[in-house]
Each structure stands twice: as structure tokens, then as C-alpha cells.
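Colleague: Got a structure for you, written out below as C-alpha cells; questions coming shortly.
The values are calculated or read from the model by the stated rules, or taken from the named source; none is laboratory data. Treat the numbers as computed from the prediction; the structure is a model and nothing was measured. Neighbour counts are summed over all protein chains in view; Cβ atoms, including those assigned to glycine, are modelled from backbone coordinates with ideal geometry. Each accessible area value is taken on the protein alone, full model and side chains, heavy atoms only, with ligands, DNA and RNA left out. Shrake-Rupley method; radii C 1.70, N 1.55, O 1.52, S 1.80 Å.
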Amino acid sequence: MKHNRIKDLLKQESITQPQVNIKGWVKTARHSKEFSFLDISDGSCFHDMQVVASESLENYKSEISKLKTGCSVSIHGTLVESPGKEQKYEIQASKIEVVGWVDDDYPLQKKRHSFEFLRTIAHLRGRTNTLGAMLRVRNAAARAIHNFFQEKGFIYLHAPIITASDCEGAGQMFRVSVLDPKNPPLTENGNVDFSKDFFGKQSFLTVSGQLEGETAALALSNIYTFGPTFRAENSNTARHVAEFWMIEPEMAFCDIFGNMDMAEEFLKYIAKSVWQACPDDLQFFQKMLYPDLFKNLEGIIQEPFARITYTEAIDILLKSQKTFEYPIAWGKDMQSEHERFLTEECFKKPVIVTDYPKDIKAFYMYLNDDNKTVRGMDVLVPKTGEVIGGSQREDRIDVLKKRMEEMHLSQEAYWWYLDLRRYGSVPHAGFGMGFERFILFITGIQNIREAIPFPRVPGYAEF
Ligand code: 4AD
Ligand code: MG
């Protein structure tokens, strides 16, 4: 790439190479008789580059004075200190080539557009301040996540996307099939005969890479996955999408306490890294969306997280005298309002809740001696609620089999998962962080549909 990135030009302490060439899109254009002021974005950083073009340029009348929002341009010129307060440097153009004009119906204009509207033009919304900043933050977070685990010697595992096992046992899987829906092959008793399907049995898009992650942890000790996961839950909320990215570390010779320590260190590390990598983007989010953003981030980075059991959490909620939309009692799953009360009002920082009733958690969680609770853990953060879910895994084969029976899971289907408990079983633990939930937390974005480039939600899979 021979041209300059706007980010590199703007971050310079002083101007070393005044002759520059930038390529990007016009954010705004103001024209007068003698001058045009153009704000150019190339997406490399939050800020635009201001360009001043004088009417002495050869194509001023024919082209430059007609530039408007959305046009793509290549600009040669001299980088100088800007007399304006808004920006440090600007470019005095010596040559402007129009690379692409915009049709009159270009939907992005200088005024503010609603997020709902921008979702309908998701192919263009990366050019707006908010979505552009979100995409850069996603990139910085992904990089920090890999760095964190790689520095610790964790092995990156590529878990399969198509699978026959329902990790969470919640029956929220998307079917993968090549059978003709109009005329599927049938068994003798009239059911669809999936033995004739592509994989010779029913198969689905994965809800989690955990089970396969466990097989790798019992070979390589410490692993992590980072890939897409899918859930066919029909919940139209601001925190659920049908396709999301999940990070799932799995650690052999590790219990619930080691797991909590790892989750806390992990969140602190990536929050700090994103803050360092994208200060301007986060500043924008703090100004436009969430005034408490930096206060929250400082809290997460500097203070130890609170740690309480589910039973303690229920006690706190019952004693709080608050009226919740969904009344809470021991044995019930916490709703978002309960989680947010604990982390935002009660502790005012991230909270790790452990030892949930076994009946509201998945089959693979380690059963406590009380026979009622399991060693599961959720990490709750202000604003977003649950960002991480994890557990110590049941590594005792007899206990695991009994739990599977109670939950009507076929031991045959999970034969390989049970094998791990027969061949050199060890205590092990892990967790999953929803990548988009983390993006909500670190940006203050309200709706998860703005935290992923192309959201998939009930009734909508455009683009
Ligand atoms: O709590 P969950 O269901 O846990 C698991 O899948 C475990 N197998 C993880 C493990 O122990 N390896 O999901 C993990 C996280 C949640 O805490 C949440 O952040 C996110 O995934 N998540 C979703 N994010 C967006 N949309 C959805 N529909 C989500 N469902 C879960
Ligand atoms: Mg969960």
C-alpha cells in the first residue's frame, strides 16, 4: 500500500513527511467559491482528515465542487498544522482524483440516523461514527483475546460448527439438513428418516464448542476456542442474537476457583487492552451513549470482582425490598433485572455468582456435596448482566451418568464425552464469554444488534 493511513498521519508528534496521499470516503463537504473543505474518512481511526482544496485546482469547477457525502477520493497534498481547533493536522490538496461518485439516493447524510434505520442498510452502516467505532473495538477485542491466551500458552482449538450434540441440552439448535422438505424420506412409523440425511443422522449448528473443547483440554491441558455459535431461541431482546461469537477456554487440572480467577484476569486484561488500543472510539461512546463508561471500566480493571453464591444472591434480592417484574425465589433462574440489580446497585462492580441449583443448569456441571447445587458460575457486569457463563465439569463418571439419566439425555449419543471420564479423567473447568455481550459492556451500546456487523435475529437474516 503506497498511500498513507489517516491514523498514522494524525498520530505523529510532528510532521516528518509533508507530501502525503490519502484514499477514503467523503464524510462531509462544504463548498464556497474559492475553497472546498472536505472531511475524509478511511476507517483507520475515529477521526477524519480535513482537506482544503482551492479553486486553483484544475478540476475544481468540474469535479471537486460537486463532491458530496459518500464519494470516494484519492487526495495528494501537503500535511500542515491546522489553524482550526478541531484537528491537529490538515491537508492542503494539490491533486484530487474522484474514484467513485455517489448516486443521489445515497441514504447516509450528515444528520443523525436512528439505529433501527441503520440496521436496514447494514451494508453501509460501517461508514457511520458509531458502527465504525464498534467494528474497530471488535477488532481490538479479538486481538486482545488471542494475545491473552497465547501469552499463557493456551492452544487455539477450532471446534466444529456442525455437530450432533446439544451441549447446553436446551433444544435450541438449528437443523442442518439436505433432505427435501416437501418430500422427506420416512421411516416405517412415519417419522422423517434422518439416517438418509447428509450425515446419516440428525445434525445441527453448534450452540457451544465446549464439549469438543473438553476433549482437547484432556490432551493439551489448556485450550480455547473462538468461533461462531448459534441458538434458535425465540427471544427478541437487546441481549440475544441467533448467531454470536463465543470464546471458550477449557483448563485441565482446574477447579471452580481457578476458573473464577481466570475469568476475572481475562476480563480485566481485555478491557484494558481495548481501552489502550481504541481510546478515541471509547471516548466517543462515553460522550454519545454512556457517561459512566470510563468509571465502569476503571472499576473492572482495578477492583477485585465480588464473589457470591447463588443462595447469597437470592437472599440479597429478597431482602432488597425492590419490586421486580419477575418475582425471584430460590430455585428460579435470575432474570436480567436481578442480575443488573446485583452488579449495578448492590455491588456496583462485576459480580461472580456460583453454586446454582442443579435444576436450572446444564448436565455437565460438577455436583456439590449438598446434592442440590452445581459448581457453575456466571460473571455479571453493569449494564449488560451476564457476560460469561462457565463451570467446573463433572469428571466422576457415575455422577455424570446419573445426572444425564435425570435429564433424559442419551448416554449412547454422548459416548465419547463419557469416555473422557473413563480414560485418565481429571478435574477440569472452563467458561464461555459471549463476544457481543462484551462489546455491549465495553462500548455502552444498548442493543446487541449494533454490536455485530450483520445481526441474525428472529425474522431477519438480510445481507
Ligand atoms: O451461559 P452459556 O449458555 O454457556 C455455555 O454455552 C457454556 N457451554 C460455556 C462454557 O462453559 N464453555 O453461554 C455463554 C455466554 C453467555 O454468558 C453469554 O455471554 C453468551 O454466551 N450468550 C449469548 N450472546 C448473545 N446471544 C445469545 N443468544 C447468547 N446466548 C449466550
Ligand atoms: Mg448462561
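Colleague: Taking N as the number of residues in region 156-281, what is its alpha-carbon radius of gyration divided by 2.2 N^0.38 Å?
Modeller: After normalising by residue count via 2.2 N^0.38 Å, the value is 1.37.
Colleague: While we're on this one: Which of rounded, prolate, oblate describes region 382-429, given a ≥ b ≥ c as roots of the alpha-carbon gyration tensor eigenvalues and a/c under 1.5 marking rounded, otherwise prolate only if a/b is larger than b/c?
Modeller: Verdict is prolate for region 382-429.
Colleague: Could you give the accessible area per residue of region 159-272, probe 1.4 Å, as a whole number in Å²?
Modeller: I get 47 Å² per residue for this part.
Colleague: How large are Rg and Dmax for region 6-100 when only the alpha carbon atoms are used, in Å?
Modeller: 12.2, 37
Colleague: List the aspartates and glutamates whose alpha-carbon lies under 19 Å from that of LYS322, not counting same-chain residues fewer than 8 positions away?
Modeller: Within reach: GLU312, ASP333, GLU337, GLU339, GLU344, GLU345.
Colleague: Quick one: go through region 60-79 and flag any residue whose amide nitrogen is under 20 Å from the point 7 Å out along the Cα-to-Cβ line of LYS111.
Modeller: Answer for region 60-79: 68-71.
Colleague: Further, regarding this structure: Setting aside same-chain residues fewer than 8 positions from LYS196, which aspartates and glutamates have a Cα under 13 Å from its Cα?
Modeller: Within the straight-line limit of under 13 Å, LYS196 reaches these aspartates and glutamates: ASP180.
Colleague: Express the Stokes-Einstein translational diffusion coefficient of region 75-225 in µm² s⁻¹, to the nearest whole number, given a Kirkwood radius over alpha-carbon pairs, 20 °C and a viscosity of 1.002 mPa s.
Modeller: D = 98 µm²/s.
Colleague: Once the cut-off is 12 Å, how many percent of the Cα-Cα pairs in region 413-461 end up in the long-distance tail?
Modeller: 74 percent
Colleague: Shifting gears a bit: Could you list the residues of region 69-86 with an amide nitrogen less than 18 Å from a label point located 7 Å from the Cα of SER32 in the Cα-to-C-beta direction?
Modeller: 82-86
Colleague: Same structure, new question: Per the 1.4 Å probe, what fraction of the accessible area of region 44-135, in percent, lies on carbon and sulfur atoms?
Modeller: In region 44-135, the share of accessible area belonging to carbon and sulfur is 48 percent.
Colleague: If you roll a 1.4 Å probe over the heavy atoms of the protein chains, what accessible area per residue do you get for region 6-100, in Å²?
Modeller: Solvent-accessible surface per residue comes out at 53 Å².
Colleague: Still on this model: Semi-axes, largest first, in whole Å: what does sqrt of 5 times each Cα gyration tensor eigenvalue give for region 318-391?
Modeller: Output for region 318-391: semi-axes of 22, 15, 10 Å.
Colleague: Taking R0 as 60 Å, what's the FRET efficiency between HIS3 and PHE174 from their Cβ-Cβ distance, rounded to 0.05?
Modeller: The pair HIS3/PHE174 has a calculated efficiency of 0.90.
Colleague: Sticking with this one: Could you provide, to the nearest whole Å², the per residue accessible area of region 364-463 with probe 1.4 Å?
Modeller: Roughly 39 Å² per residue, with all protein chains present.
Colleague: Another question, if that's okay. What ranking, highest mean first, results for peptides 421-433, 440-452 when packing means the other Cβ atoms within 10 Å averaged over each residue?
Modeller: Final packing ranking: 440-452, 421-433.
Colleague: Please compute the length gained on full extension between ASN447 and GLU188, using 0.36 nm multiplied by the number of residues separating them and subtracting their Cα-Cα distance.
Modeller: Full extension of this stretch gives 88.5 nm more.
Colleague: In whole percent, how big is the carbon plus sulfur part of the accessible area of region 285-364, probe 1.4 Å, protein atoms only?
Modeller: 48 percent
Colleague: Within the set LYS27/LYS88; LYS2/LYS66; LYS11/LYS61, which residue pairs have Cα atoms separated by over 22 Å?
Modeller: LYS2/LYS66; LYS11/LYS61
Colleague: How do 120-133, 204-217, 402-415, 297-310 rank on mean C-beta neighbours within 10 Å, highest first?
Modeller: Highest-to-lowest ranking by the protection proxy: 204-217, 120-133, 297-310, 402-415.
Colleague: Nearest 500 deg cm²/dmol is fine: what mean residue ellipticity at 222 nm does the chain get from its DSSP H runs of n ≥ 4 alone, each adding -39,500 (n - 2.57), divided by its residue count?
Modeller: After summing the helix terms and dividing by residue count, I get -8000 deg cm²/dmol.
Colleague: Please arrange GLU337, GLU151, GLU250, GLU34 by accessible surface area, largest first, computed with a 1.4 Å probe and ligands excluded.
Modeller: If we order GLU337, GLU151, GLU250, GLU34 from most to least accessible, we get GLU151, GLU34, GLU337, GLU250.
Colleague: Would you report the distance distribution of C-alpha pairs in the chain as whole percents per 10 angstrom bin, up to the bin with the largest distance?
Modeller: Reading the bins upward from 0: 4, 17, 24, 22, 15, 10, 6, 2, 0.
Colleague: Across 5 Å bins from 0, what is the distribution of all Cα-Cα pair distances for region 24-153, in whole percents?
Modeller: The percentages, shortest bin first, are 2, 9, 17, 19, 16, 13, 10, 6, 4, 2, 1, 0, 0.
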